[in-house]
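Readers should treat all values here as calculations from the given coordinates under stated rules, not as data from a laboratory. What you see is a predicted model; the values in this text were computed from it and never measured. Every residue, glycine as well, gets a Cβ built from its backbone with ideal geometry; the counts of neighbours run over all protein chains shown.
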Ligand code: KG4
Ligand code: ZN
């Protein structure tokens with residue numbers, strides 16, 4: 001089935017065409033330069049830019065794939081969670097296309113998309129442990145099958161990517177913060193500052209990043225709040241702290257859940273030290289480790305098209321009345 005997938009939950013508008021799980025092309029209109037001067041995503045700018053880029057992005061995708069609109073057999077778009085203005089623009093465009101072309105439509109949960117972004121180029125091996133680490137989420141799932149998700153743990157405050165972004169902003173490293181921190185951290189000493197391992201008493205599989213954010217602020221201001229060397233040392237130490245916190249979360253989960261595969265997705269999954277640490281945890285247990293190529297870690301239309309096609313092939317379409325939602329949990333949360 002040839003399915004168009006559209007992702008617009010935050011600042012990137014991305015569209016892709018998938019056919020039988022095979023990605024034909026993915027096209028993204030990035031807004032990084034629009035939001036960089038503000039040090040973060042400005043919701044109204046994001047949704048207005050989506051309106052400008054919808055049609056050119058679709059035209060470019062059709063041009064790249066040599067397909068025409070009438071060959072599309074199904075349409076999928078992210079409907080939750082995310083910035084509501086951004087979601088509404090993409091969702092409404094996708095639903096209108098489905099109505100005009102008389103094709104089935106499927107609303108896709110953004111986090112379900114991220115989980116399956118790992119399988120654009122790999123095969124799942126169930127059950128797997130799926131860590132989604134992005135600007136909005138640090139969630140750990142137990143996945144027994146497509147559509148079967150149990151939430152084992154999550155951050156109780158900031159998401160990992162949000163913490164990277166805030167610390168980068170504090171030190172004037174630009175936006176988005178994750179890639180900037182990773183880059184400067186290469187010149188820093190990861191042992192220069194000690195970031196305590198977060199402890200969430202309520203649930204050993206939960207984590208927290210707001211304490212690390214406060215610690216970074218104190219280290220930065222306490223040492224004079226300037227200098228490339230200080231920036232590099234704080235970046236390297238903070239990054240090591242995040243990697244340790246996520247590694248502990250995953251290790252604890254693997255002790256209770258006998259996964260065949262460890263999967264990491266979301267923008268923070270671009271981070272090389274995190275990928276290396278999780279790959280080592282999987283290797284120690286002789287299980288597969290899967291992380292998408294970095295271009296499919298960050299938000300993309302391909303993951304939405306992939307999930308959309310799977311649902312549409314099962315006949316599980318969504319009503320055209322489906323609305324956008326800023327918040328929506330994925331799967332049932334279980335306590336260990
Ligand atoms: O998945 P994504 O594109 O959007 C959301 O759904 O949030 O993730 C964006 C997040 C940002 O916070 C960004 O700083 C972070 O992913 N990120 C990284 C890296 N690349 C992107 N964090 C750490 N290291 C990176 N290399
Ligand atoms: Zn995302």
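Name all residues of the range 112-129 having a backbone nitrogen under 17 Å from the label point set 7 Å from the Cα of residue 285 along its Cα→Cβ direction, giving them as ranges.
Under 17 Å, as judged by backbone N against the label point of residue 285, lie 124-129 of the range 112-129.
Over the chain, what relative contact order in percent results from Cα pairs under 8 Å that are six or more residues apart?
26
Can you give me the orientation-averaged projected area of the convex hull built on the Cα atoms of the range 126-291, in nm²? Before the final figure, lay out the partial values.
On the way: hull surface 36.1 nm².
For the range 126-291, averaging the hull's shadow over all directions gives 9.0 nm².
For residue 214 and residue 186, compute 0.36 nm times the residue count separating them, minus their Cα-Cα distance, and round to one decimal in nm. Let's see the in-between values first.
Numbers: separation 28, 0.36 × 28 = 10.08 nm, distance 2.23 nm.
Separation in residues times 0.36 nm, less the Cα-Cα distance, equals 7.8 nm.
Let me understand the chain better: what is its radius of gyration from the alpha carbons, and its Dmax, in angstrom?
Both quantities, over Cα of the chain: 19.9, 62 Å.
Rounded to two decimals, what ratio of Rg to Rh does the range 201-336 give with C-alpha atoms and a Kirkwood Rh?
Values: Rg = 19.1 Å, Rh = 18.2 Å.
Rounded to two decimals, Rg over Rh is 1.05.
Output the peptides 235-242, 33-40, 307-314 sorted from most to least packed, where packing is the average of other Cβ atoms within 10 Å over each peptide's residues.
235-242, 307-314, 33-40
Give me the extension gain from residue 123 to residue 327: residue separation times 0.36 nm, minus the current Cα-Cα distance, reported in nm with one decimal.
So the extension gain works out to 70.5 nm.
Any idea what diffusion coefficient the range 69-209 gets from Stokes-Einstein, in µm²/s, Kirkwood Rh on alpha carbon pairs, 10 °C, 1.306 mPa s?
Working: Rh = 18.0 Å.
Rounded, D is 88 µm²/s.
In whole Å and largest first, what semi-axes does the C-alpha gyration tensor of the range 1-157 yield when each eigenvalue is scaled by 5 and square-rooted?
25, 22, 13
Quick one: helix 301-313 against the long Cα principal axis of the chain, what's the angle to the nearest 10°, folded into 0 to 90?
50
Residues of the range 177-196 with amide nitrogen under 15 Å from the 7 Å Cα-to-Cβ point of residue 30?
Residues passing the 15 Å test: 177-183.
With a point put 7 Å past each Cα toward its Cβ, work out how far residue 52 is from residue 201 in nm, to one decimal.
Between residue 52 and residue 201, the label points sit 5.1 nm apart.
State, in angstrom, two size descriptors of the range 25-114 derived from its alpha carbons: Rg to one decimal place and Dmax to the nearest whole number.
When restricted to Cα atoms, the range 25-114 yields Rg and Dmax of 13.9, 42 Å.
Given labels modelled 7 Å from the Cα in the Cβ direction, how far is it in nm from residue 69 to residue 226?
About 5.7 nm, to one decimal.
Could you give the spread of the C-alpha atoms of the range 102-150 along their three principal axes, from largest to smallest, in whole angstroms?
Computed over the Cα atoms, the extents are 38, 26, 22 Å.
Could you state the angle between the C-alpha long axis of helix 160-170 and the longest principal axis of the C-alpha atoms of the chain, as a value from 0 to 90 degrees rounded to the nearest 10?
Once rounded, one gets 60 degrees.
Using only the alpha-carbon atoms, how far is helix 210-222 inclined from the longest principal axis of the chain? Give it as 0 to 90 degrees, nearest 10.
50
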